[in-house]
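Heads up, the thing below is written out as structure tokens.
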Amino acid sequence: MNASTSPDIGPLLRAFSDRSQARNIDHALEYTLRALQAGGHDGLPLPGQGQTLQRWRALAQVAGCDLALAKLYEGHTDALAILAECDAAALGAEGLWGVWAAEPPAARARITAQEGRTVRLQGLKAWCSGALQIDRALITAWREDGRGQLVAIELGHSRQRVIDTDWQAVGMASTASITLAFDDCPGIAVGEPDQYLARPGFWQGGGGIAACWYGAAQALADYLHRHCGTPRDDPHADAHLGSVDAALIGARAALRECAAWIDQHPQADASFAVRRARAQVEHAAEHVLRQVGRALGATPFCRTGHFARLSADLPVYLRQSHAERDLAALGQQRARSPAGDWQL
């Protein structure tokens, strides 16, 4: 099912908002994720197949509701796209999935044995977002020959141990990005060695993260828009709204241009186009956070749960960008590219 034919997910998102106010946020997250899956709302168009923008619009819509929900929904839909790209779509038929590819030096999962596609895992995997809510995950692991391998695992296996003492987050708290310890844990090798990073979908998926940033920033900006739409004499708020509008329109144009480029070049390296779009969306989101807060003051931070959660979660989610490191990589790519593409 694709985004152009799937039913509107708005009612489910509104129900999530009601549940998250009345009940434990963790319960609301898992309930809504499974409802989205049961309704076929996880069958987003695959990136690079002509409907990349529709895919990103769905991610942005979920992010505007709740960023913890978007984090897990994006991970699940990204896993389904990866499985399809690696000719392993059948694995994604059941359960909720995540993708865990962080590689801190002190937490590396190692493949100690392999027979056919079945592997055995040893070591640690850090930053396992949603591990307490989902069923399966794709993780990056290391073969004995030093090559990377994507591995599918089923969560809750007796050869896994959850380490949750390090997770002290306030923003994105409910995603519970814990560490998993493996002790001869089974898994299934997905795709070929080193394919995870080399495939076109790696950077195409990175654009979906920026769509989530954008959706949250847009939702925060909507609070300022409503404030300025009521009869009042508040020229400072009007100025903040003008500034926010300019930032968001620029970021929206960047995402649309990037999505179109991906659809026109589905097998190409999208790193430059996506890095550029992510930088523009990140700048816009940070600008929105600042301007909306200055315009509206403390009241929505303290009395509006949706606004408060987005404001706490977005700075954490934005740090999936590597800040100046990503900008340096973008600058290096720009320096090697032909002159002229800044022309109007």
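Coordinate-derived values only; no laboratory data. What you see is a predicted model, and the numbers here were worked out from it, not measured in a lab. Glycine also receives a Cβ, built like all others from the backbone with ideal geometry; neighbour counts cover every protein chain displayed.
Pop the C-beta distance of D238 and A328 into the FRET formula with R0 = 30 Å and round what comes out to the nearest 0.05.
On the way: r = 37 Å, r/R0 = 1.23.
Computed FRET efficiency for D238 and A328: 0.20.
Per the Cauchy relation, a quarter of the hull surface: what is the mean projected area of the convex hull of the alpha carbons in the stretch 10-94, in nm²? Could the numbers behind the result be given before it?
Numbers: hull surface 21.6 nm².
It is 5.4 nm².
Which one of A90, A268, A251 has its Cα pushed farthest toward the positive end of the charge dipole of the chain, where Lys and Arg give +1 and Asp and Glu give -1 at the Cβ?
Toward the positive end, the furthest listed residue is A251.
Scan the stretch 54-122 for GluC sites (Glu not before Pro) in coil per DSSP, keeping those whose Cβ has at most 12 other Cβ atoms within 10 Å, and list them by number. Let's see the in-between values first.
Numbers: sites: E74, E85, E94, E115; in loops: E94.
In loop regions of the stretch 54-122 (DSSP not H, G, I, E or B), the sparsely surrounded GluC sites (Glu not before Pro) are E94.
At most 10 other Cβ atoms within 10 Å and a DSSP loop assignment: could you name the trypsin sites (Lys or Arg not before Pro) in the stretch 153-237 that fit? Walk me through the intermediate numbers first.
Numbers: sites: R159, R161, R226, R232; in loops: R159, R232.
In loop regions of the stretch 153-237 (DSSP not H, G, I, E or B), the sparsely surrounded trypsin sites (Lys or Arg not before Pro) are R232.
Under a point-charge model restricted to the Cβ atoms of Lys and Arg (+1) and Asp and Glu (-1), what is the dipole moment magnitude of the stretch 191-344 relative to its Cα centre, in debye to the nearest 20?
On the way: 16 positive and 16 negative charges, 45 e Å.
The calculated dipole for the stretch 191-344 is roughly 220 debye.
FRET efficiency for I163 and D341, Cβ-Cβ distance as r, R0 = 41 Å, nearest 0.05? Intermediate values should be presented prior to the final figure.
Values: r = 47 Å, r/R0 = 1.14.
Using R0 = 41 Å, I get an efficiency of 0.30.
Expressed in nm to one decimal, what extension gain is obtained for the pair E144 and T304 from 0.36 nm per residue of sequence separation less their Cα-Cα distance?
On the way: separation 160, 0.36 × 160 = 57.60 nm, distance 5.16 nm.
Computed gain between E144 and T304 is 52.4 nm.
Mind listing the phi-derived Karplus ³J(HN,Hα) values for the stretch 77-92, rounded to whole Hz, using 6.51, -1.76 and 1.60 with θ = phi - 60°, and x for any glycine or proline?
Karplus values, whole Hz, x for Gly and Pro: 5, 5, 4, 4, 5, 5, 4, 5, 5, 9, 6, 9, 4, 4, 5, x.
Once the dipole of the chain is set up with Lys and Arg at +1 and Asp and Glu at -1 on Cβ about the Cα centre, which of Q51, A216, A152 lies farthest towards its positive end?
Checking the options against the dipole of the chain, the answer is A216.
With charges only on Cβ, +1 for K and R and -1 for D and E, what is the dipole size of the chain about its Cα centre, in debye, rounded to 20? Please report the intermediate quantities before stating the final value.
On the way: 33 positive and 37 negative charges, 78 e Å.
Rounded to the nearest 20 debye, it is 380 debye.
What is the sum of charges around G201, taking Lys and Arg as +1, Asp and Glu as -1, for the other residues whose C-beta is under 11 Å from the C-beta of G201?
Numbers: positive: R199; negative: D78, E85.
So the environment of G201 carries a net charge of -1.
Could you work out the helix-only [θ] at 222 nm for the chain, with each DSSP H run of four or more residues adding -39,500 (n - 2.57) and the total divided by the number of residues, to the nearest 500 deg cm²/dmol?
-17500 deg cm²/dmol
What nm value, rounded to one decimal, do you get for the distance between A113 and R294 when each label is placed 7 Å out toward the C-beta?
6.2 nm
Angle check, please: helix 271-296 long axis (alpha carbons) against the longest principal axis of the chain (alpha carbons), in degrees 0 to 90, nearest 10.
In the chain, helix 271-296 runs at an angle near 40 degrees to the longest axis.
Separation of the stretch 263-298 and the stretch 136-210 by C-alpha centroid, Å?
25 Å
First check a/c for the stretch 73-190, with a ≥ b ≥ c the square roots of the eigenvalues of its C-alpha gyration tensor; if it is under 1.5, answer rounded, and if not, answer prolate when a/b is larger than b/c or oblate otherwise.
Values: a/c = 1.72, a/b = 1.17, b/c = 1.48.
It comes out oblate by the Cα gyration axes.
For helix 201-229, what angle does its Cα long axis make with the longest principal axis of the chain, in degrees from 0 to 90 and rounded to 10?
With rounding to tens, the tilt is 30 degrees.
Give the angle, between 0 and 90 degrees and rounded to the nearest 10, that separates the Cα long axis of helix 324-336 from the longest principal axis of the Cα atoms of the chain.
Between the helix axis and the principal axis of the chain, the angle is about 90 degrees.
Mind giving me the FRET efficiency for H265 and D26? R0 is 41 Å, r the Cβ-Cβ distance, nearest 0.05 is fine.
Taking R0 as 41 Å, the efficiency between H265 and D26 is 0.50.
Order 333-339, 255-261, 166-172, 239-245 from most to least packed using the mean count of other Cβ atoms within 10 Å. Show your work: numbers first, answer last.
Working: 333-339: 9.4, 255-261: 20.1, 166-172: 13.6, 239-245: 17.9.
Per-residue Cβ counts within 10 Å, averaged per peptide and sorted highest first, yield 255-261, 239-245, 166-172, 333-339.
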